[in-house]
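Working notes, beginning with the structure itself.
The values are calculated or read from the model by the stated rules, or taken from the named source; none is laboratory data. Keep in mind the model is a prediction, meaning the values are calculated, not measured. Cβ sites come from the backbone with ideal geometry, for glycine too, and all protein chains shown count toward neighbours. These area figures cover heavy atoms from the full protein model, side chains too; ligands, DNA and RNA do not enter into them. Shrake-Rupley method; radii C 1.70, N 1.55, O 1.52, S 1.80 Å.
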Amino acid sequence: MMAIDRDRESGWMREPEAEENGSVLPASSTTIPPSSEEMSAAPASSPAHPGSRYNPLLLDFDGSVLPFLGGLGNFNKRLVLLTWIPALFLSFSQFSDFFLLDIPDKWCKTNGTMVMMNTAHDSHLRLGNATTTRAPEVMLLLPPPQLPTTPSPMVGTLPPNSNDSCLCHQWTYQIHAGLVQNVVSKWDLVCDSSWKVHIAKFSLVVGLIFGYLITGCIADWIGRRLVLLFSVVFNLVFGLSVALSVNVTMFSTLRFFEGFCLAGIFLCLYALRIELCPPGHRFMITMVASFIGMAGQFLLPGLAALCRDWQVLQAVIICPFILMLSYWYIFPESLRWQMATMQFETSKKQILQILHRNRVNTESDIKGVMPELERELLRRPKKVCIVKVVGTRNLWKNILVLCVNSLTGYGIHHCFAKSLMDPEVNMNTSIMHNFYANYFAMAGITLASCLAMCPVVGFLGRRGGLLLFMILTALASLLQLGLLNLIGKYTQRPDTGMSETVKNKFSIVFSIIGMFSSHAVGSLSVFFCSEITPTVIRGGGLGLVLASAGFGMLTAPIMELHNQKGYFLHHVIFACCTLICIICILLLPESKNQNLPENIPDGEHYTRQPLLPHKKGEQPLLLTNSELKDYSGLHDSVAMGDGVSENTTVNGIKSA
């Protein structure tokens, strides 16, 4: 006993025990023993937390601070509403490329007459006299572009000395997306200049990827509010400048910076939404924001039809962000982030403001949050960068698994969308050759996916729901790759009764199921990451998962640049990734109704639970985190076990 006490006084801590049931204690490098002054100042009812530098009462935001402030009171409800409204504007910007960069049909004017030229893109299909456009898929971020293939023979007659369908000096265009003029028709981005359209589409996606990575780290360092406001200001500058572009190079460059700023707005609003809510409301509030975003997706075609010109549409999309400038005065910094980074001086002012607006009496402070906050006012803030996660045991694994899940979900989504819109599959379905039919079909699948997520996640939890949707994605992918090839062999034998129509119908069914489930996988991966990543690095963790989703979608334009060469291999690789993800998901913790981890040691305690809960009265064979203690003899283990909280879960996180 005396030897152990001397070791603890000298700051030495033993190495954690080996993982038992996936649960580990935080590494010794992150465990700092509390000082004697802190031990004397801590209330008797609140034992010192081994991974915190201050009293655990302030660290327990969901269990102590938030209930003291009135929970999801009127003030927090107004703030949540303010995070919902911009989701409509963000949706307009993210899906605007479908209209700004739609590749139209074109006619060549020769001797006062117009000769129709078949654009013959891989996204166009000629049926009789009608040329229709396939709509790209719908995702959380902007989907990748399509590259035109080699032009087919022209319709009509050109002058005898002209053998190339692109030898034309003046074009007339017919745009399918409700506009009279867009970027392609303004600068004649056809034939030899068609590659510039795809560079313009690349620019927004690449801007989003860099924006998620950089603004996420900055939000952990200077706060969510400042990053949000700076992103809004620069988004207004770059977004309105896009409408004034004089050439496609200027357009593409400004779209990159616009995507960068959009990423900062989306990420900060997502983090603020999560950090404002108690455990039982986080998923519902996040899904409401998703439904508002989908409403913008459904309204965008009507907005484009009203604007008629791409410059007017771009300005109309950007101008509503002016309303967000008022957030400087009405939206405070995240109190949870301030408490987690030990900014107690500003936290105290904000707590008093919230108590006043929620009309909460300070005498209801039973746990003594305010007195404890007064004792910690002189502490220096401590901010953490996402690179600190490299030294952890479990946290980096959880984030890595979710990054791979989002990469796979959004990467394979394009494979299903391409199969659904394949001209060979849909040659007998004329409705699927219309731009608006395709656009709303993709939006409808996305809406159905989000609607299905609500009961599934509510019943199975975050990990169970993610596992179910990933299994559906893997099955749809494997059946489409294997079963359809088998059916294709039988269609060549008349005696089997199989026809090409049967194969096409199976392909459509598997594609719809795959798009349905892969969208849910990507969305759940982002939400899951926001719950298991500690508050001090939540921005950086969200940035990594969202950037991974962007990289998954960039694989589609890479294929398009090669004119669909390697498409089958692309689908096979992502199908294999789904099988790996199914195994990796089992290593994740369950975050349903759990308090958010505030610092890195809390994130380390957020470890895997068994899939099947223990039966009532059954003694678990393996110790939980709260029971895995350093002991020497029966007396010590009993004494240390007395300080374990009754509501500590197997994750090591106190339940609400």
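Taking region 262-280 as the range and being open to solvent by 10 Å² or more (accessible area, probe 1.4 Å) and under 16 Å from Gln94 (Cα atoms) as the test, the residues that pass are Phe266, Tyr270.
Among the residues of region 360-372, not a single one is more than 13 Å from Ser64 (Cβ to Cβ), part of a loop (DSSP other than H, G, I, E, B) and either at pLDDT 85 or above or under 32 Å from the mean Cα position of the chain (by Cα) (or both).
This table checks each residue for (1) buried (at least 20 other Cβ atoms within 10 Å of the Cβ); (2) within 24 Å of the chain's Cα centre (by Cα); (3) at pLDDT below 80; (4) not polar (S, T, N, Q).
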{"residue": "Arg53", "(1), (2), (3), (4)": "no, no, yes, yes"}
{"residue": "Ile85", "(1), (2), (3), (4)": "no, yes, no, yes"}
{"residue": "Phe99", "(1), (2), (3), (4)": "yes, yes, no, yes"}
{"residue": "Met114", "(1), (2), (3), (4)": "no, no, yes, yes"}
{"residue": "Thr119", "(1), (2), (3), (4)": "yes, no, yes, no"}
{"residue": "Thr131", "(1), (2), (3), (4)": "yes, no, yes, no"}
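Taken together, Ser46, Ser91 contain a single residue that is modelled with pLDDT under 50 and either out of contact with any strand residue (DSSP E or B) (no Cβ under 7 Å at 6 or more places or on another chain) or open to solvent by 30 Å² or more (accessible area, probe 1.4 Å) (or both), which is Ser46. Among the residues of region 532-541, is there at least one that is more than 13 Å from Ala219 (Cβ to Cβ) and touching a Ser or Thr at 6+ places or on another chain (Cβ under 9 Å)? Looking for residues that are more than 13 Å from Ala219 (Cβ to Cβ) and touching a Ser or Thr at 6+ places or on another chain (Cβ under 9 Å), one finds at least one in region 532-541, hence yes. Summed over region 329-372, the residues that are loosely packed, with under 15 Cβ neighbours inside 10 Å and over 30 Å from Leu269 (Cβ atoms) give a count of 6.
Go through region 373-392 and give me each residue that's crowded, with 16+ Cβ neighbours inside 10 Å, not charged (D, E, K, R) and not in a loop (DSSP other than H, G, I, E, B). Working first, answer last.
Just the residues of region 373-392 that are crowded, with 16+ Cβ neighbours inside 10 Å, to begin with: 373, 375-376, 384, 386, 388-389, 392.
If we keep only those that are not charged (D, E, K, R) too, we end up with 373, 384, 386, 389, 392.
Listed by number, the residues that qualify are Leu373, Ile386, Val389.
Determine whether Ile214 is open to solvent by 40 Å² or more (accessible area, probe 1.4 Å), among the β-branched types (Val, Ile, Thr), closer than 11 Å to Ala263 by Cβ and in contact (Cβ under 8 Å) with a residue 60 or more places away in the chain. So Ile214 passes the test. For Ile318, the stated conditions do not hold, so it cannot be described as β-branched (Val, Ile, Thr), closer than 22 Å to Leu228 by Cβ and open to solvent by 10 Å² or more (accessible area, probe 1.4 Å).
Specify the residue that is surrounded by the most Cβ atoms within 10 Å (Cβ to Cβ); the eligible residues are those in region 452-466 that are within 17 Å of the chain's Cα centre (by Cα) and not charged (D, E, K, R). Give the derivation first.
Looking only at region 452-466, we keep the residues that are within 17 Å of the chain's Cα centre (by Cα), and these are 453-454, 457, 462-463, 465-466.
Of the ones still in play, those that are also not charged (D, E, K, R) are 453-454, 457, 465-466.
Values: Met453: 21, Cys454: 14, Val457: 24, Gly465: 25, Leu466: 29.
Per the criteria, the residue is Leu466.
Yes/no matrix, rows are residues, columns are (1) on the phi > 0 side of the Ramachandran plot; (2) in a helix (DSSP H, G or I); (3) modelled with pLDDT of 90 or more:
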{"residue": "Leu400", "(1), (2), (3)": "no, yes, yes"}
{"residue": "Ser406", "(1), (2), (3)": "no, yes, yes"}
{"residue": "Lys418", "(1), (2), (3)": "no, yes, no"}
{"residue": "Pro423", "(1), (2), (3)": "no, no, no"}
{"residue": "Tyr439", "(1), (2), (3)": "no, yes, no"}
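Please name all residue pairs, on different chains or six or more residues apart, with Cβ atoms under 6 Å, provided the first residue is in region 448-468 and is farther than 22 Å from Leu587 by Cβ and the second residue is among the polar types (S, T, N, Q) and modelled with pLDDT of 90 or more. Partner pairs satisfying both residue conditions: Cys450/Ser290.
Can you list residue pairs whose Cβ atoms sit under 8 Å apart, with the first residue in region 304-333 being at negative phi and the second being of a type in the set (D, E, K, R) and open to solvent by 50 Å² or more (accessible area, probe 1.4 Å)? Count only pairs 6 or more apart in sequence or on different chains. From region 304-333, the pairs are Trp310/Lys186; Tyr327/Arg225; Phe331/Arg225; Pro332/Arg225; Glu333/Arg225.
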